[in-house]
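Notes follow the structure.
The values are calculated or read from the model by the stated rules, or taken from the named source; none is laboratory data. Keep in mind that what you see is a predicted model, and the values were worked out from it rather than measured. Using ideal geometry, Cβ is built from the backbone for each residue, glycine included, and neighbour counts are taken over all protein chains shown.
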Amino acid sequence: MPRLILKVAIDAPLRHLFDYLPLFNAPPPAVGCRVRVPFGRRSQVGLVVAHARHAEVADAQLRHIHEPLDSDPLLPASVLELLRRAADYYHAPPGEVLVGTLPGLLRAGRPARPMQVWQWSLTEAAPSPDSLSRAPRQAALLGALTQAPCEESQLDAALPGWRVTARTLADKGWIERAQIAPDAATDWAPERGHPLTTAQRAAVDAVAAGSGFGAFLLDGVTGSGKTEVYLTAIERVLAAGRQALVLVPEISLTPQTEARFRARFGAAVAVLHSGLSDTERLAAWLAARGGQAGVLIGTRSAVFAPLARPGLIVVDEEHDGSYKQQDGFRYHARDMAVLRARIEDVPVLLGSATPSLESLAHGRSGQYRVLHLRERAGSARLPQLELLDVRHQRMAGLVSPALAGAVREELAAGRQVMLFLNRRGYAPVLLCHACGWVPKCDRCDAHYTLHRGRRLLLCHHCGRERPLPIRCEGCGAQDLLPLGAGTERIENDIAALFPDHRVLRVDRDSTRRRGALDAHLEAARDGSADILVGTQMLAKGHHFPAVTLVGILDADQGLFAADFRASERLAQTIYQVSGRCGRGEQPGRVLIQTHQPQHPVLRALLHGGYGTFAAELLAEREAAGWPPFSHLALLRAESTRQEDALWFLGETLSLAAELGHAGVDLLGPVPAPMPKRAGRYRAQLLLQAQRRAPLHALLRAWLPALALLPAARQVRWSLDVDPLDTY
């Protein structure tokens, strides 16, 4: 009888599978099962991807697996097919895709069953952490538990050595330990939804009418009730005994999405994102795989989670750049959702108020069916957009007199205001007024950002911190001035302008503590704050019914970027931020501050709306030959020496010439727009083709040879297919 070879994927940056022999006198592990295998001098967890009769290595190199880890396949055939095709399309190492997308505990070889989860919490007898100044470890543990009960895995990550302290505090009766059950109930009891508008009903019916795969683009203005369309479509899927996968772009959107879905479907909802503990992620993943979770809500990696009975895939805010993974396996979750729906033979519904140009182009070509929601639900009306020309204005920081007056009017009427600036920190630059010295990060080609509240300078590119200097390092003067403004400074300026009103800042700095983001968003929704100041974190998809005025403080930020996608992103940001206001009974108003009131992007948005603007931009892209009318791949290289990165890319260019690259233009190599980041010099080579076939043919021949170049050992390099950022 011919021997059986196991083709095993291992999470390593190697572009091939590995051959192993099954154990003697034991049934071979099925495709989709994990195995523990010898790998070099270590033992590694791998995934059986295929069975074969012939090995790619000599018999002397073949080794037996150590042990099988699963009795049944961990992944269904459809998800294995999705992962195989993803690895092929993005030219990624198969192990990084097939194994790297599993939950962490499964990658570590833990059993595919829910783990026991233990949680610590405070008792009523617990003192304030401030009273334990002489016992810093006890104070730190009490402080962590004051925020919210914590699982043991979370404490392991946050407070090394906490267990000895916990025993001491438990003996005093200040904290207690309890086992919590994974949240994976099977039954659901739908809450009655809102009556659908005619347009909403037509959208739901269109999705439900077809049998099998269909791609739908739900192009609905902000506040038009896209979520109600999702809920009703999912309700029908659940009633048929199937499951739904719902993707959201960021963790900040999951609490409100989860709350709304749980209110509708009960405990049949599971959530999967990186903010959960390992045990929570595994429990949600297993609940989806076993069919106990009727709805799985997750960020981009959830697109690879198995479902027992898939019936519908929803991608909310499909235009959002967060769906693109920017390191490692660089996939786009929206595109993977469409591919998965095709493989599973189920419909996929992509929703946005500002659809990406790629999705709009697919709608034009007939690949997607476009469904429109052109009016807001209920009595709400779309906000009125106005440009504020701030040239020659006496500004209070970044706030013009006209904007300050509008804010004052809304506050006097008891309404809520939002001010948007997509730049955190106090000021982007600290300057010596005497000699012009500016502190720069020595690891990046960038200035430090001043964070006055934390009394430090922070590099927003590599994360390096340094104490706030007292005097200039160039001339010794103490006249150091902050230039420009971030959200922290706006918060201070607004608090000074409106001292009798409550100001709430929502950005990455103000929501670092566990549970802080949920608390801030709840305060924004329940009216605890009068003025909201925030970055993109505040602008995406949230529902603030009391907000009637939005001020966009610096629209000029996105007007002069080198990236060809900058105009699209600016338009999407303006419309998404604008969509946060006027969602209740009162009409909304959006004031856009600019020094460029005649700029064609702003004029097009103001007079034609996003749809007209996007149509014009599509025509420009087509004329220029940029995506979605061409296809890109970006080869990046970085090294401690800039010449090494450029030399490597030059060698790859020569290699492409030897292989032949008809139909593919190679642009570069050039230094990256920020040549130095985190202590490494970066350069890039852009590949552009009008058709996908010649681009991928070149990549398939090029990458294996590229990895063998002597120069490849001197650099770190990566390939990004369909890059969103070409810098």
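Write out, first by first residue and then by second, each pair whose Cβ atoms fall under 9 Å of each other, whose residues are 6+ apart or on separate chains, and whose first residue, in the stretch 301-315, is basic (Lys, Arg) while the second is not in a loop (DSSP other than H, G, I, E, B).
Listed pairs, sorted by first residue: Arg309/Gln243.
State whether one or more residues within the stretch 366-380 are touching a Lys or Arg at 6+ places or on another chain (Cβ under 6 Å), assigned by TED's automatic domain parsing to the domain that holds Gln243, farther than 20 Å from Ala539 by Cα and at pLDDT 95 or above.
no
Select from the stretch 493-515 the residues that are touching a helix residue (DSSP H, G or I) at 6+ places or on another chain (Cβ under 8 Å) and among the small types (Gly, Ala, Ser) and write down the one among them that is modelled with the lowest pLDDT.
Gly515
Report yes if Ala495 is more than 20 Å from Pro401 (Cα to Cα), among the aliphatic types (A, V, I, L, M), over 30 Å from the mean Cα position of the chain (by Cα) and surrounded by fewer than 18 Cβ atoms within 10 Å (Cβ to Cβ), otherwise no.
Judged against the criteria, Ala495 is not a match.
What tally of residues in the stretch 512-534 results from selecting those that are surrounded by fewer than 20 Cβ atoms within 10 Å (Cβ to Cβ) and touching a Leu at 6+ places or on another chain (Cβ under 8 Å)?
Result for the stretch 512-534: 2.
Considering the stretch 209-238 alone, what residues qualify as being among the aromatic types (Phe, Trp, Tyr), within 23 Å of the chain's Cα centre (by Cα) and outside any helix (DSSP H, G or I)?
Selection gives Phe216 alone.
Is there any pair with a first residue in the stretch 81-100 that is in contact (Cβ under 8 Å) with a residue 60 or more places away in the chain and crowded, with 21+ Cβ neighbours inside 10 Å and a second that is outside any helix (DSSP H, G or I) and of a type in the set (Gly, Ala, Ser) whose Cβ atoms are under 6 Å apart and which are 6 or more apart or on different chains, and what are they?
From the stretch 81-100, the pairs are Pro94/Ala9; Gly95/Ala9; Gly95/Ala12; Leu98/Ala9; Val99/Ala9.
Could you tell me which of the residues Gln367, Gln384 is among the polar types (S, T, N, Q), closer than 30 Å to Val229 by Cα and touching a Pro at 6+ places or on another chain (Cβ under 9 Å)?
Among Gln367, Gln384, only Gln384 is among the polar types (S, T, N, Q), closer than 30 Å to Val229 by Cα and touching a Pro at 6+ places or on another chain (Cβ under 9 Å).
Condition first: over 29 Å from Val547 (Cα atoms) and in contact with a Gly (Cβ under 7 Å, 6 or more places away or on another chain). Can you find one or more residues in the stretch 329-343 that meet it?
Yes, there is a match, as at least one residue in the stretch 329-343 is over 29 Å from Val547 (Cα atoms) and in contact with a Gly (Cβ under 7 Å, 6 or more places away or on another chain).
Restricting to the stretch 239-291, name every residue that is outside any helix (DSSP H, G or I), farther than 22 Å from Leu74 by Cβ and not charged (D, E, K, R).
Within the stretch 239-291, Ala240, Gly241, Val246, Val248, Pro249, Gly266, Ala267, Ala268, Val269, Gly275 meet the criteria.
Return the pairs, sorted by first residue and then second, in which the second residue is part of a helix (DSSP H, G or I) and small (Gly, Ala, Ser), the first residue lies in the stretch 649-664 and is farther than 21 Å from Ala693 by Cβ, the beta carbons are less than 8 Å apart, and the residues are 6+ apart or on different chains.
From the stretch 649-664, the pairs are Glu651/Ala711.
Which residue out of Val269, Val348, Val314, Val303 is assigned by TED's automatic domain parsing to the domain that holds Val248, within 21 Å of Ile234 (Cβ to Cβ), buried (at least 22 other Cβ atoms within 10 Å of the Cβ) and modelled with pLDDT under 95?
None of the others qualify; the one that does is Val269.
I need every pair where a residue in the stretch 388-409 that is in the same structural domain as Leu553 (by TED's automatic domain parsing) has its Cβ under 7 Å from the Cβ of a residue that is of a type in the set (Gly, Ala, Ser) and part of a loop (DSSP other than H, G, I, E, B), sequence separation at least 6 or different chains.
Hits for this filter: Leu388/Ser400; Val390/Ser400; Gln393/Ser400; Gly397/Ala485; Leu398/Ala485.
Among (1) at pLDDT 95 or above; (2) under 27 Å from the mean Cα position of the chain (by Cα); (3) surrounded by fewer than 17 Cβ atoms within 10 Å (Cβ to Cβ); (4) farther than 17 Å from Phe564 by Cβ, where does Arg691 come up short?
(2)
Can you tell me which residue in the stretch 125-175 is nearest to Ala519 (Cα to Cα), limited to those that are among the basic types (Lys, Arg) and modelled with pLDDT of 85 or more?
This residue is Arg137.
When you go through Ala446, Ala434, Ala412, Ala477 one by one, which is the residue that is in the same structural domain as Asp507 (by TED's automatic domain parsing), over 22 Å from Val506 (Cβ atoms) and not hydroxyl-bearing (Ser, Thr, Tyr)?
Just one listed residue meets the conditions, Ala412.
Which fully enclosed helices (runs of 4 or more DSSP H) of the stretch 535-645 have 2 or more residues being without any contact (Cβ under 8 Å) to a residue 24 or more places away in the chain?
600-624
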